[in-house]
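The values are calculated or read from the model by the stated rules, or taken from the named source; none is laboratory data. Please read all numbers here as calculations on a predicted model, not as lab measurements. Here the Cβ positions follow ideal geometry from the backbone for every residue, glycine too, while neighbour counts run over all protein chains shown.
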Amino acid sequence: MKLDELIEYLKYDDLINFKDVEISGISYNSKTTKKGDIFICLVGEHTDGHEYAKMAIENGAAALLAQHKIEGVKVPQVIVDSTRHKIADIADRFYSRPSLGINLIGITGTNGKTTVTHLIQKIFEENQEKCALIGTLGYKLSSNSEYRDAKHTTPQAPELQATLRMIKDVEKIDNVVMEVSSHALEQNRVGGCRFNGAVLTNLTQDHLDYHITMENYFKAKALLFEHLTEGDFAVINLDDEYGQKFLSVVPEGVRKFTYGVKNTADIMAKDIEFSLNGAEFKLLINGEEHNVNLHMNGMFSVYNVLAAVSSAVAMGIDIKIALKALQNVHGVAGRFEIVNKKPLVIVDYAHTPDGLENVLKSAREITPKDGKLICLFGCGGDRDATKRPKMGAIAQKLSDKIIITSDNPRSEDPQQIITDIIAGLQSVSPDKVTVEPDRGEAIALLKTIAENNDVVIIAGKGHEDYQILKDKTIHFDDREQARKVFAGSVI
């Protein structure tokens, strides 16, 4: 594509050394820049791409997208107000606006995004339609295919647009369901994407190290709904504290669907019962009742199913087909995943106060009267520290015993993170609270602490198979560790 064509609709401040050169790719990492790329000088939290522009040119960059003039270079420079926001426009244009040819559904919220995307993908397939999924675990072209890796919940714009183009043209898939993080919305990583529908799971405290306030967090999430247009659909959790606020930002002409358990919504669940085998409830929709039997457990699973069912209704998929798909789902990797049965050991991704509370309440529902509920968890380093004491208080309130350990400490001292968690405890009685900074050793302790009738929640990392330390990242999988510890137990 010629540079002139690439920037035809781009709002820019200045053109320097302009030549209508051929652009063969998009790069924002000087080390991987190839001949013919346009190099985007991204300004991040820790690095400034402008400092690497000359290196990118040495590696073959044919043009630059920058926020100010780079002195001493001869290639064309397109000067814009924000490269971080304009990279999405460039990527969308370079890949010929792939989302326009796709039924693209965006799922946002603090918790539940991954599960809801998987459920919607299953519904499409039960309806004899192909559906690709993009999210935390990577992207996959069908529910039976392997994940292909992704570095963020929502990829950076060039990778995202390239993936959408591949899904449409190479794989011939017309439906895509995608997790959309608050970071991706605020940083415009999904800029150019034409969403046909948006789904809100919930909004609770997370990422305040980045957004600072809940209002900013809400505003970032709300962008997904504000950009919908007439004929699109919005699915909102009416029980969520921010539900009404999200409804208020949905534009005129967009079809609204609400779901809930507590408040009167378009689609509701009632008479909910939990057992070791899963959840049962009655689904109310359009004056009709449907009996639902899930292999998934917990109230959060009920909400996730309601979000997926509401999306199916919004897209005109038969409710019976949707329910058949959902009743055959046995869960998502690292989400309330059972790795041992006696004691019952469950690994879950819960890493926020609300997420931990939901998981522990769900675990309590299936804890035998003569059994204890044990929670092993930590908190991530270089992230919102205010949630640490809150998670400590929640774990102590809802569990019989807690083991506090490391999560992904990153550059922080693991012991300081643990100290922050302990600040939220009412007491640190050794028969109720155990501290072991080494996560592997903490999980090993469960062998001596947990008895056959106990339920153990290992929270925080879920599907992750790594641990981020101060100076390195190591292989670490809660599920693998727990299976090793309880090898030979009844499963």
Q.
Being within 30 Å of Leu344 (Cα to Cα), touching a Leu at 6+ places or on another chain (Cβ under 9 Å), in contact (Cβ under 8 Å) with a residue 12 or more places away in the chain and part of a strand (DSSP E or B): is that true of Lys270 here?
A. yes
Q | Single residue of Asp420, Asp382 found to be outside any loop (DSSP other than H, G, I, E, B), acidic (Asp, Glu) and in contact with a Pro (Cβ under 9 Å, 6 or more places away or on another chain) | A | Asp420
Q | Complete set of residues in region 273-305 that are over 14 Å from Ala322 (Cα atoms), within 26 Å of the chain's Cα centre (by Cα), without any contact (Cβ under 8 Å) to a residue 40 or more places away in the chain and surrounded by 21 or more Cβ atoms within 10 Å (Cβ to Cβ) | A | Ala279
Q. Within region 76-93, is even one residue of a type in the set (Asp, Glu) and surrounded by fewer than 18 Cβ atoms within 10 Å (Cβ to Cβ)?
A. yes
Q | Elements of type strands (runs of 3 or more DSSP E) contained in region 288-371, each with 1 or more residues being under 25 Å from Ala198 (Cβ atoms) | A | 288-294
Q. Within region 223-237, can you find the residues that are among the small types (Gly, Ala, Ser) and either assigned to a loop (DSSP other than H, G, I, E, B) or not assigned by TED's automatic domain parsing to the domain that holds Phe281 (or both)?
A. Gly231
Q: Go through the residues of region 238-256 one by one and say whether even a single one is in a strand (DSSP E or B) and crowded, with 17+ Cβ neighbours inside 10 Å.
A: no
Q) When only residues in region 96-130 that are out of contact with any helix residue (DSSP H, G or I) (no Cβ under 6 Å at 6 or more places or on another chain) and surrounded by fewer than 20 Cβ atoms within 10 Å (Cβ to Cβ) count, which is farthest from Leu160 (Cα to Cα)? A) Gln128
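The rows are residues; the columns are (1) among the acidic types (Asp, Glu); (2) without any contact (Cβ under 8 Å) to a residue 24 or more places away in the chain.
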position	(1), (2)
Asp400	yes, no
Ile418	no, no
Ser429	no, yes
Ala450	no, no
Ile458	no, no
Lys461	no, no
Arg483	no, no
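Results for (1) at pLDDT below 95; (2) surrounded by fewer than 14 Cβ atoms within 10 Å (Cβ to Cβ); (3) outside the structural domain of Ala363 (by TED's automatic domain parsing); (4) on the phi < 0 side of the Ramachandran plot, shown as yes or no for each residue.
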site: Asp384; (1), (2), (3), (4): yes, no, no, yes
site: Met391; (1), (2), (3), (4): no, no, no, yes
site: Ser399; (1), (2), (3), (4): no, no, no, yes
site: Asp413; (1), (2), (3), (4): no, yes, no, yes
site: Ala423; (1), (2), (3), (4): no, yes, no, yes
site: Gln426; (1), (2), (3), (4): yes, yes, no, yes
site: Val455; (1), (2), (3), (4): no, no, no, yes
site: Phe476; (1), (2), (3), (4): no, no, no, yes
Q: Look at Lys151 and say whether it is modelled with pLDDT of 95 or more and in a loop (DSSP other than H, G, I, E, B).
A: no
Q: Considering every residue within region 444-451, establish whether at least one is β-branched (Val, Ile, Thr) and not in a loop (DSSP other than H, G, I, E, B).
A: yes
(Q) Being buried (at least 19 other Cβ atoms within 10 Å of the Cβ), among the aliphatic types (A, V, I, L, M), closer than 26 Å to Phe336 by Cβ and in contact with a helix residue (DSSP H, G or I) (Cβ under 8 Å, 6 or more places away or on another chain): is that true of Val261 here? (A) no
Q: Identify the single condition in (1) in contact with a strand residue (DSSP E or B) (Cβ under 8 Å, 6 or more places away or on another chain); (2) within 28 Å of Lys484 (Cα to Cα) that Asp413 does not satisfy, given that it satisfies every other one.
A: (1)
Q) Lys397 fails exactly one of the following numbered conditions: (1) among the basic types (Lys, Arg); (2) under 27 Å from Ala487 (Cα atoms); (3) over 26 Å from the mean Cα position of the chain (by Cα). What is the number of that condition? A) (2)
Q: Scan region 182-194 for residues that are in contact (Cβ under 8 Å) with a residue 40 or more places away in the chain and surrounded by fewer than 24 Cβ atoms within 10 Å (Cβ to Cβ) and jot them down.
A: Leu185, Gln187, Asn188, Gly191, Gly192, Arg194
Q. In this structure, is Ala308 modelled with pLDDT of 95 or more, in the same structural domain as Ile102 (by TED's automatic domain parsing) and under 18 Å from Thr114 (Cα atoms)?
A. yes
Q. How many residues does region 8-43 contain that are surrounded by 20 or more Cβ atoms within 10 Å (Cβ to Cβ) and either farther than 15 Å from Ala66 by Cβ or over 32 Å from the mean Cα position of the chain (by Cα) (or both)?
A. 1
